[in-house]
Amino acid sequence: MKKLGLMCAVAAGALFGVGAAVAQSVELPNRHDAVPGITTAGQPSADALSAAAKAGYKTVIDLRPASEDHGFDEKKTVETLGMSYVSLPVAGAPGVTYENATALDKILRDAPKPVLLHCSSSNRVGALLALRAKLGGADDKAALDVGTASGLAALKPAVEQKLAAGKD
């Protein structure tokens, strides 16, 4: 799986103008590079965001609601570093919906790449990417594989239920 992640990072770097070695050098909690052009992670520090900007990332998408303590003013930090900041608040399992997956899909389609997509641990990120994959035509197993490769963990049973039930 690590080899696949590295291959995706190399492909994403070539496709989106970020050197793979530089992109990989950005240390992020629970980092995953399973979807080309998108790095998923847990909450980045201000230093990690600075490294991401230097590595060429263009957009940061934050799935954490304002009620969750980020430890610093992330929006201000991201914008000061010259990247775009987008907030899509997803409050735990109740926020893992096809509606939010559709909103994320639109944001990702319009966002300058590469993108750093995060929540606190990458769990919600993986959950929404799984639902997004399903909306894009993936079968349940393939959608779940995308989610797992992107950080889905504790929300896996909720995502499995959503996938089995079909679109909202």
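Read-outs throughout are calculated quantities, based only on the coordinates presented, and are distinct from any laboratory measurement. Worth saying up front: this structure is predicted, and the values here are computed from it rather than measured. Ideal geometry is used to build each Cβ from the backbone, glycine not excepted, and the neighbour counts take in all protein chains shown.
Near L117, the amide H atoms lying under 5 Å from its own belong to T39, T40, A41, I61; only residues 5 or more places off or on other chains count, and H is placed 1.01 Å from N. Using Cβ point charges alone (K and R +1, D and E -1), the dipole size of segment 112-168 about the Cα centre works out to roughly 160 debye. All C-alpha pair distances within segment 129-168, sorted into 5 Å bins from zero, spread as 6, 31, 41, 18, 4 percent across the bins. Computed from point charges on the beta carbon alone (+1 for Lys and Arg, -1 for Asp and Glu), the dipole magnitude for segment 39-151 about its Cα centre is near 280 Debye. Computed 3J(HN,Hα) for segment 53-63, one whole-Hz value per residue from the Karplus formula 6.51 cos²θ - 1.76 cosθ + 1.60 where θ = phi - 60°, is 4, 5, 7, x, 4, 10, 9, 10, 10, 10, 8, glycine and proline marked x.
As a test, work out the antiparallel percent of DSSP beta bridges whose residues both lie in segment 50-168, rounded to the nearest 5.
Values: 0 of 8 bridges.
Given both bridge residues lie in segment 50-168, the antiparallel proportion sits at roughly 0 percent.
Note that segment 21-77, at 25 °C in a medium of 0.890 mPa s, gets a Stokes-Einstein diffusion coefficient of 205 µm²/s from its Kirkwood radius over C-alpha pairs.
Packing, taken as the mean count of other beta carbons within 10 Å per residue, orders the peptides 91-103, 145-157 from highest to lowest as 145-157, 91-103.
Projecting the Cα atoms of T40, T97, T59 onto the dipole axis of segment 33-102, where Lys and Arg carry +1 and Asp and Glu carry -1 at the beta carbon, places T59 farthest toward the positive end.
Shape call for segment 14-168 from the C-alpha gyration tensor, a ≥ b ≥ c root eigenvalues: rounded (a/c under 1.5), prolate (a/b greater than b/c) or oblate?
On the way: a/c = 1.90, a/b = 1.49, b/c = 1.28.
Taking the square roots of the gyration eigenvalues as a ≥ b ≥ c, segment 14-168 is prolate.
Each Lys and Arg contributes +1 and each Asp and Glu -1, all at the Cβ; summed about the Cα centre of segment 36-89, the dipole is approximately 220 debye.
How large is the Kirkwood hydrodynamic radius of segment 65-139, in angstrom, based on all distinct alpha carbon pairs? Its Kirkwood hydrodynamic radius stands at 13.3 Å.
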